[in-house]
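Accompanying notes for the structure given below.
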Amino acid sequence: MRIRSRIGVTFGALLSALALALMIPSSASAGVLACDNFGCDGHDPNIQSWESGPVSPYGPYDLGGSFMYEMRWGKTDGDQYSWARLHYISGSNEQDWSVYVQRCTKDQSTCYWRLGLKKGGASGWTAKIPGGTNYYWTRTPMYYNPSTHMMRACVEDPSGEQSCTPWY
């Protein structure tokens, strides 16, 4: 009788774990999902599949003291998306810097000024730059950039001074 109850408990736990695994989406499957206009705002560009790009139409721009920033651009599912990246050497007080994007309608009647704000070294948004010994970049999420809008990448240094790329 004890063997049957142990087998039952084990089998029940296995079924529960399998059901839970099927209900929780993984980050690997997130890149497979289709994007649709503003519905992809805030998605991680690193898990997205791209039709064209990603490229850097603006930057990287040198800010001094090992810091640089750039605007990134890519096209998926027929739509254009943009995001920003901050480059730095680890241990250079990167946590005191912020990176974000700004999106405005072309007539600037509606603007969003600090989309995807990330601090340098933000967990989940930072990666080692390939080929660099101690160089990293922190990226923002991606944001939809339709033909009716314009976007730019911005950084804010520890003193609060903002630097931005040209509008794209």
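The values are calculated or read from the model by the stated rules, or taken from the named source; none is laboratory data. Remember, predicted model here, so these are calculated numbers, not experimental data. FYI the Cβ positions are ideal-geometry reconstructions off the backbone, even for glycines, and counts take in every protein chain you see. Remember, those area values only see protein heavy atoms, side chains included, never the ligands or the DNA or RNA. Shrake-Rupley method; radii C 1.70, N 1.55, O 1.52, S 1.80 Å.
Observations, loosely collected:
- Scanning the range 68-119 for residues that are under 20 Å from G39 (Cβ atoms) and charged (D, E, K, R) yields R72, K75, D77, D79, R103.
- Residues of the range 140-160 that turn out to be touching a residue at least 60 places away in the same chain (Cβ under 8 Å), in a strand (DSSP E or B) and farther than 20 Å from A127 by Cα, as a count: 3
- Only residues that are part of a loop (DSSP other than H, G, I, E, B) and open to solvent by 40 Å² or more (accessible area, probe 1.4 Å) were counted in the range 84-100, giving 3.
- The residue that is nearest to the chain's Cα centre (by Cα), among those in the range 51-83 that are of a type in the set (D, E, K, R) and in a strand (DSSP E or B), is R72.
- Annotation: of all residues in the range 101-139 being hydroxyl-bearing (S, T, Y), touching a Phe, Trp or Tyr at 6+ places or on another chain (Cβ under 8 Å) and in contact (Cβ under 8 Å) with a residue 40 or more places away in the chain, the one that is most open to solvent (accessible area, probe 1.4 Å) is Y135.
- Residue match in the range 120-136 (condition: modelled with pLDDT of 95 or more, over 17 Å from N37 (Cα atoms) and in contact with a Leu (Cβ under 6 Å, 6 or more places away or on another chain)): yes
- The residues in the range 105-152 that are among the hydroxyl-bearing types (S, T, Y), more than 12 Å from the chain's Cα centre (by Cα) and closer than 19 Å to S82 by Cβ can be counted, and the count is 6.
- Scanning the range 44-60 for residues that are closer than 17 Å to R152 by Cα and surrounded by 14 or more Cβ atoms within 10 Å (Cβ to Cβ) turns up P45, G53, P54, S56, P57, Y58, G59, P60.
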